[in-house]
1. Amide H to amide H under 5 Å from V90: which residues, 5+ apart in sequence or cross-chain, H placed 1.01 Å off N in plane?
2. Suppose only helical runs count, i.e. DSSP H with n ≥ 4. What mean residue ellipticity at 222 nm does that imply for the chain under -39500 (n - 2.57) per run, divided by all residues and rounded to the nearest 500 deg cm²/dmol?
3. Residues in region 184-222 near a label at A138, defined as backbone nitrogen under 19 Å from the 7 Å Cα→Cβ point?
4. Let me have the relative contact order for the chain, percent, based on Cα pairs under 8 Å that are six or more residues apart.
5. At what distance in nm do the modelled label points of A68 and Q188 sit from each other, each positioned 7 Å from its Cα along Cα→Cβ?
6. Loop-only check: which GluC sites (Glu not before Pro) in region 143-201 are DSSP coil with at most 11 other Cβ within 10 angstrom?
7. Based on alpha-carbon positions alone, could you give the equivalent ellipsoid semi-axes of region 126-170 from the gyration tensor, as √(5λ), descending, whole Å?
8. How fast does region 189-246 diffuse by Stokes-Einstein, in µm²/s, taking the Kirkwood radius from C-alpha pairs at 25 °C and 0.890 mPa s?
Amino acid sequence: MTTFRITIAYDGTGFHGYAANPGVRTVQGELEAALATVIGTPVATVVAGRTDAGVHARANVVSFVTEATVEPARLQRSITAMLGPEIVAVEAAAAPDGFDARFSAVWRRYRYRIDAGRVPDPLLARTAWHVPHPLDLAAMNRAAAAFVGEHDFASLCRASEGRTTVRTVLEAAWHDHDPGPVFEVTAQAFCHQMVRSMVALCVEVGRGRVEAGRIPEILAARDRNLARGAAPPHGLVLWEVEYPAG
C-alpha cells in the first residue's frame, strides 16, 4: 500500500464546493474520477480543506492510499491534463505511512480579496468582493487582532450539530493592496463560514458601522445573530497548508 500526497489548485467558480455531492459538480468528484482513470481503480481522498461552493484554492492538499503502482510525476501530469485549467495538480509525491491530509496538517492559511474600486473590475469578478465604500484599514486590523488566540467562534460559524466551535487563530491581519485590502488569516483549523464571517464583520468595522472594540464582546456572546453575515465565497482562497517537517 502506498500513500500519495497531491497539492491541488482550483478555480471554485464552477463547483458546488470540494466535497463530493451526488448530482452536482464538485472538486472531489472530478478529482476522484480522474484518479480512478489514471490509477485504474477507485480511490477515496482525504482533503486538508473542504472549501465551500465558489471558494478557490491555491494549495489545497489531498491524500489517498492505494495498492496500485504509479509514478507521482505521472499522477501530476495526468490530473492536470484531464482537469486543467479549472483543477491543476501542482505537485504529487509519495507520503510517509500514516500521512493524512486533514489530520496531519499543522495549520491552514486563507486569503480574502476585496475590490474597493469605484466600479467593479471585471478581471476580478470571480476572485474579489466588490465593496465600493471607504474602508478604515487601521480599524479593520484592530478588529482582526481580536480574533488571534483561542476563542469560541460560535458567533462567526455556521452551526454544526455536535461539533466544537473553539478554534486557535495564529495570525489575522489586513494588508493594503490595489485595488483593495487583502485579509490573511492562519489557524490550526476553521469551522464552517468562519473566515467569510470574519471578513464581513471587519468590513462593517471598516465602514464605521461596528466599533472594533466590540469584537471580543461579539465572540463572547456565542450568538450568530450578532455577526454581520458572511462575505461572498468568491473572494476567498485556501492559500497554504503546513505540515510537520520531514
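Computed from the coordinates by the stated procedures, all read-outs in this text should not be read as laboratory data. It should be emphasised that the depicted structure is a prediction, and the values quoted were computed from it without experimental measurement. Reconstructed Cβ throughout: ideal geometry from the backbone, glycine too, with neighbour counts over all protein chains shown.
1. Those qualifying (amide H under 5 Å, at least 5 residues apart or on another chain) are T7, I8, A9.
2. After summing the helix terms and dividing by residue count, I get -6500 deg cm²/dmol.
3. 202-215
4. So the answer I get is 24 percent.
5. Each label point lies 7 Å from its Cα, and together they span 3.6 nm.
6. Those satisfying the criteria are E161.
7. In descending order the semi-axes read 26, 16, 9 Å.
8. Result for D is 189 µm²/s.
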